[in-house]
Amino acid sequence: MRIEYTCEDGSQTIALWPSMALQHWLGRSRPTVPIENPEPFKFYVVGPPVPGDDHGMFLTLVYAEIERRWNKTPPFEIEPPDPKKKHGGKEYQARCLEILQWLHAKGDITGLVVSPES
């Protein structure tokens, strides 16, 4: 599967599975704070940490961000990922795709193209 979407701010994402596309959407939802006067050869942590796309709390954080921004949530139950299956399992990926489609209809995703893997 290949997912391509564009947000209202013009940013574009291409992902191979729905949960990864949602992870990029969640990571972009909070603006990064620029580092003032960075020192050379020093490590800096940029942006808030976002859990992996198959972490048990991932969809809860996605729902929390949707509720924070639009004061509503998708009309789907949160599907927990199956740790024994690749990328959380088919049901988990199907739920992530439903959330992406909901964000396209009600949120800030202006263009969404889902195509089979080539």
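Go through Phe41, Phe58 and list them by solvent-accessible area, largest first, probe radius 1.4 Å.
Details: Phe41 210, Phe58 0 Å².
Ranked list, largest accessible area first: Phe41, Phe58.
How many nm is it between the label spots at Lys84 and Glu36, if each spot is 7 Å from the Cα in line with the beta carbon?
5.4
Given charges of +1 on the Cβ of Lys and Arg and -1 on the Cβ of Asp and Glu, with all other atoms neutral, how large is the dipole of the range 2-44 about its Cα centre, in debye to the nearest 20?
Values: 4 positive and 5 negative charges, 36 e Å.
Dipole magnitude for the range 2-44 comes out near 180 debye.
So what is the relative contact order of the chain, in percent, for Cα pairs below 8 Å that sit 6 or more residues apart?
Details: 137 pairs, mean separation 44.4, N = 118.
Contact order relative to length: 38 percent.
Can you run phi through the Karplus equation (6.51, -1.76, 1.60; θ = phi - 60°) for the range 90-100 and list ³J(HN,Hα) in whole Hz, with x for Gly and Pro?
Along the range 90-100, the couplings run 5, 5, 5, 5, 5, 5, 4, 5, 4, 5, 4 Hz.
Summing Lys, Arg as +1 and Asp, Glu as -1, what charge do residues with Cβ under 15 Å from the Cβ of Ile14 carry, Ile14 excluded?
Details: positive: Arg2, Arg28; negative: Glu4, Asp53, Glu117.
Here the count lands on -1.
Hey, any idea what % of the chain's accessible area is carbon plus sulfur with a 1.4 Å probe?
On the way: 4280 of 7840 Å².
Taking all protein chains in place, the chain shows 55 percent carbon and sulfur surface.
Using only Cα atoms, figure out Rg for the chain and give it as a multiple of 2.2 N^0.38 Å. Mind dumping the intermediate values first?
Details: Rg = 15.4 Å, N = 118, 2.2 N^0.38 = 13.5 Å.
Taking the Cα Rg and dividing by 2.2 N^0.38 Å, one obtains 1.14.
Got a sec? Charge dipole of the chain, +1 on Cβ for Lys and Arg, -1 for Asp and Glu; which of Leu112, Pro34, Gln93 is way out at the positive end?
Towards the positive end, the residue furthest out is Gln93.
Please give the per residue accessible area of the chain, computed with a probe of 1.4 Å over protein heavy atoms only, in Å².
Values: 7840 Å² over 118 residues.
I get 66 Å² per residue for the chain.
Can you tell me which aspartates and glutamates have their Cα less than 16 Å from the Cα of Lys106? Leave out same-chain residues fewer than eight positions away.
Glu8, Asp9, Glu65, Glu67, Glu98
In debye, nearest 20, what is the charge dipole magnitude of the chain about its Cα centre with +1 on Lys and Arg Cβ and -1 on Asp and Glu Cβ, if you could check? Mind showing how you got there, number by number?
Details: 13 positive and 16 negative charges, 28 e Å.
Charge dipole, the chain, about its Cα centre: 140 debye, nearest 20.
The values are calculated or read from the model by the stated rules, or taken from the named source; none is laboratory data. Being a predicted model, the structure only gives us computed values, none of them experimental. Neighbour counts are summed over all protein chains in view; Cβ atoms, including those assigned to glycine, are modelled from backbone coordinates with ideal geometry. Just the protein is used for accessible areas: all its heavy atoms, side chains included, with ligands, DNA and RNA removed. Shrake-Rupley method; radii C 1.70, N 1.55, O 1.52, S 1.80 Å.
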